[in-house]
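A short worksheet on the structure shown next.
The values are calculated or read from the model by the stated rules, or taken from the named source; none is laboratory data. Being a predicted model, the structure only gives us computed values, none of them experimental. Here the Cβ positions follow ideal geometry from the backbone for every residue, glycine too, while neighbour counts run over all protein chains shown. The protein model used for the area step is the full one, side chains on, heavy atoms only, and it has no ligands, DNA or RNA in it. Shrake-Rupley method; radii C 1.70, N 1.55, O 1.52, S 1.80 Å.
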Amino acid sequence: MLLRAEAPQVLGALARRFGRFDTAEDAVQEALLAASRTWPAQGVPEDPRGWLIRIGYRRMVDLLRSDQARRRREREVGLAELAMQETHRRAGPQQEADDSLTLLLLCCHPALSHTSQVALTLRAVGGLTTAEIAHAYGTSEATMGTRISRAKQQLTRAGARFTAPTAADRPGRVSAVMKVLYLVFNEGYAASAGGELARLDLTGEAIRLTRTLVDAMPDEAEATGLLALMLLTESRRAARTGDDGRLLLLDEQDRTRWNRELIREGTELIDRVWKRGEPGPYRFQAAIAALHAAAAAPQRTDWPQIALLYLWLERLSPTATVRLSRVVAVAQAFGPVRGLALLDDLNRRHGLDRDPLTRRRERAVRAHLVRMTGDTAGAATLYREAATLTENQVERRYLLGEADRLT
């Protein structure tokens, strides 16, 4: 979507020139709203970015002028007006720089907590709604909205500017950026709600920004691993649903529909950086995705190796989603009884069946494993339970369809 693609560039331009990230984001939202109302009737302007920046500039001045209580604000208004009068600082058709990476690094400012860094970047650069970000964190929309608002206020108090980070804080901010891009991609690949299984605008933007990161930091092995993971995962997108729109699990997919070019590129990337220092979580996940991609048929998948990689990944990144994925791999490698035993143990110790990020999928995984043992009635009940926990209509239809087929 054009507006989503241009928003980070407009925000970057305003934040750089005015030095006020919080106000700049408000101005960008006003400009996007004006575009959504004007462009359908009058057509998209020849220079969409320049149009949005000009509207954003005007709104920035209005917002700064609205608070005249302090002399500091009055001085900022004067500086903003001066910036608009200087022709060499005007934003126009010649604006070509991609500010997305700099904006990502700004959102990952060390003054913010890691959670706030990720949430703010998802909102400002990824274009996710507050509700979608809240789902990614397993919290309420109101709580996430407050967190994002406070994050913007913290940036203002810290005097954050639209500039590159120092050498000292760069590694931490790059790590946060990778986490952001990972979550943006995941939300796009498996939409948390709505009538579509995936949101191609988000997956495409996540891949684009990750390429930007890799180009800017070619020696950052984990960034390359993250890009490999995205490409290998995205390669399966066309095969995830059947002609009737039904969701297809990995072993049901027509592998001739997998994108071989993305598989080739992703595999080459992970092979290139796998042994470059100790692998991190993104390289482990990319290696797992590469093993799936290498299997010409489901029965040729190296599940024991995948289960081992998930064990190492869990030790490195002990999250609920990683633990549940290990259950699936163990069940595929060693049978459903062993998988169910591991799932019961992880539920007792870590509460996967209660964690907001895995509760729905835990029910679905358990249903699948119970089905493999031959207990169709129990599996049908579990599929229906899982269906009540998802807001994605494609997933819900799949889960209910599986339950119906077993009764």
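When the charge dipole of the chain is built from unit charges on Cβ atoms (+1 for Lys and Arg, -1 for Asp and Glu) and taken about the Cα centre, the candidate among 358, 258, 331 whose Cα reaches farthest toward its positive end is 358. Is the C-alpha gyration tensor of the range 153-293 telling us rounded, prolate or oblate? Criteria: a/c under 1.5 is rounded; beyond that, a/b larger than b/c is prolate, otherwise oblate. Oblate, since a/c reaches 1.5 and b/c is not below a/b.
About its Cα centre, the range 308-407 has a charge dipole of approximately 120 debye under the convention of +1 per Lys or Arg Cβ and -1 per Asp or Glu Cβ, with nothing else charged. Between 0 and 90 degrees, the angle of helix 393-405 with respect to the longest Cα principal axis of the chain falls at about 10 degrees. Nearest 10 degrees, 0 to 90: what angle lies between the long axis of helix 336-350 and the longest principal axis of the chain (Cα atoms)? Taking Cα atoms only, the helix is inclined about 40 degrees. The apolar share of the surface of the chain, taken as the fraction of accessible area on carbon and sulfur atoms (1.4 Å probe, ligands and nucleic acids excluded), comes to 50 percent. Relative to the longest principal axis of the Cα atoms of the chain, the long axis of helix 71-85 lies at roughly 90 degrees. For the pair residue 131 and residue 389, label points projected 7 Å from Cα toward Cβ lie 2.1 nm apart. For the chain, the per residue solvent-accessible surface stands at 47 Å², with DNA, RNA and ligands left out and a 1.4 Å probe. About its Cα centre, the chain has a charge dipole of approximately 880 debye under the convention of +1 per Lys or Arg Cβ and -1 per Asp or Glu Cβ, with nothing else charged.
Rg over Rh for the range 101-170 works out to 0.97, using Cα positions for both radii and the Kirkwood form for Rh. A simple packing score, the average count of other Cβ atoms within 10 Å per residue, orders the peptides 307-314, 273-280 as 307-314, 273-280, with the highest score first. Modelled this way, with points 7 Å down the Cα-to-C-beta line, the labels at residue 377 and residue 200 are 4.6 nm from one another. In a fully extended conformation the segment linking residue 248 and residue 350 would gain 33.8 nm over its present Cα-Cα distance, using 0.36 nm per residue. The label point for residue 255 and the one for residue 157, both projected 7 Å from the Cα toward the Cβ, are 5.5 nm apart. Rounded if a/c is under 1.5, else prolate if a/b is larger than b/c, else oblate: which is the range 236-379, with a ≥ b ≥ c the root eigenvalues of its Cα gyration tensor? Cα axes put the range 236-379 in the oblate bin. Calculated translational diffusion coefficient of the range 341-391 (10 °C, 1.306 mPa s; Stokes-Einstein with Kirkwood radius over alpha-carbon pairs) equals 145 µm²/s. Thinking of the chain as a set of Cα atoms, what percent of all their pairs are more than 27 Å apart? Roughly 56 percent, once rounded to a whole number.
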